[in-house]
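The values are calculated or read from the model by the stated rules, or taken from the named source; none is laboratory data. Everything quoted here is computed from the prediction, not taken from an experiment. Cβ sites come from the backbone with ideal geometry, for glycine too, and all protein chains shown count toward neighbours.
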Amino acid sequence: MSKVQTISGSGIPVVGDDIDTDRIIPARFLRCVTFKGLGEQIFADDRAQLRGQHFFDLPQYQGAKILVVNANFGCGSSREHAPQAIIRWGIKAIVGESFAEIFYGNCIANGIPCVTAKAEDIKQLQTLIQTHPQQEITLDLTEMKFRAGTWITLIEMEEGSRQMLLGGTWDSCGQLVHNIDSVREIASQLPYLSWNS
């Protein structure tokens, strides 16, 4: 099971409040059987409208690991495809002012920390990333701090989610596989799993 404690890399900003899941991954891409290839379609409509000038198209942000957003990010429908598209593009963590509850839960269930900071700190961080796109930034879930060079700010996260990431227990399937002997033992004792013909 994978523990998530610190994440380092360059950042990518997406500026604006109330960015919903339909903007993150438009509904026409939800017909996929697997999540493979969703990363290529992230913000597809926004990117088409901006004709190559969207942050996810600009060369200086390619390979970024940390997404920096504003308020109520991931609102709208409860599609897991939105965090899956973000993950498959290469993002490992999201820092924002606030997150929609279901989007947040879907991210945690996939091992992606969503941490919050004050609005003024987020705006300052977005400006810093736009000015110095290759600046390495680090999100530290142990110290609950975010660093970009000499700039440091405190971050917040729901404690239960934080402990799941730090301990590696966010991965429910991984926990089942890791504890397969216990699963088999309990399953053997459940009368409704016995089939008598």
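Observations, loosely collected:
- Test for residue 57: is it farther than 15 Å from residue 91 by Cα and not hydroxyl-bearing (Ser, Thr, Tyr): no
- Scanning region 135-165 for residues being free of Cβ contacts under 8 Å to residues at least 12 places away in the same chain and crowded, with 19+ Cβ neighbours inside 10 Å gives a total of 0.
- Among the criteria (1) in contact (Cβ under 8 Å) with a residue 40 or more places away in the chain; (2) in contact with a strand residue (DSSP E or B) (Cβ under 9 Å, 6 or more places away or on another chain), the one residue 132 does not fulfil is (1).
- Residue check, residue 95 part of a loop (DSSP other than H, G, I, E, B) and within 20 Å of residue 137 (Cα to Cα): no
- One residue alone among 77, 98, 10 is within 30 Å of residue 163 (Cα to Cα) and modelled with pLDDT under 95, and that residue is 77.
- The set of residues in region 166-178 being surrounded by 13 or more Cβ atoms within 10 Å (Cβ to Cβ) and out of contact with any Gly (no Cβ under 8 Å at 6 or more places or on another chain) consists of 166, 169, 175, 178.
Residues checked against (1) assigned to a helix (DSSP H, G or I); (2) without any contact (Cβ under 8 Å) to a residue 24 or more places away in the chain; (3) crowded, with 18+ Cβ neighbours inside 10 Å; (4) in contact with a Leu (Cβ under 7 Å, 6 or more places away or on another chain):
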site: 16; (1), (2), (3), (4): no, no, no, no
site: 36; (1), (2), (3), (4): no, no, no, no
site: 39; (1), (2), (3), (4): yes, no, no, no
site: 47; (1), (2), (3), (4): yes, yes, no, no
site: 60; (1), (2), (3), (4): yes, no, no, no
site: 64; (1), (2), (3), (4): no, no, yes, no
site: 84; (1), (2), (3), (4): yes, no, yes, yes
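- For region 171-178, the condition holds for no residue, the condition being that it is touching a Pro at 6+ places or on another chain (Cβ under 7 Å) and on the phi < 0 side of the Ramachandran plot.
- Options 76, 90, 111: the member that is within 28 Å of residue 34 (Cα to Cα), over 15 Å from the mean Cα position of the chain (by Cα) and touching a residue at least 24 places away in the same chain (Cβ under 8 Å): 76
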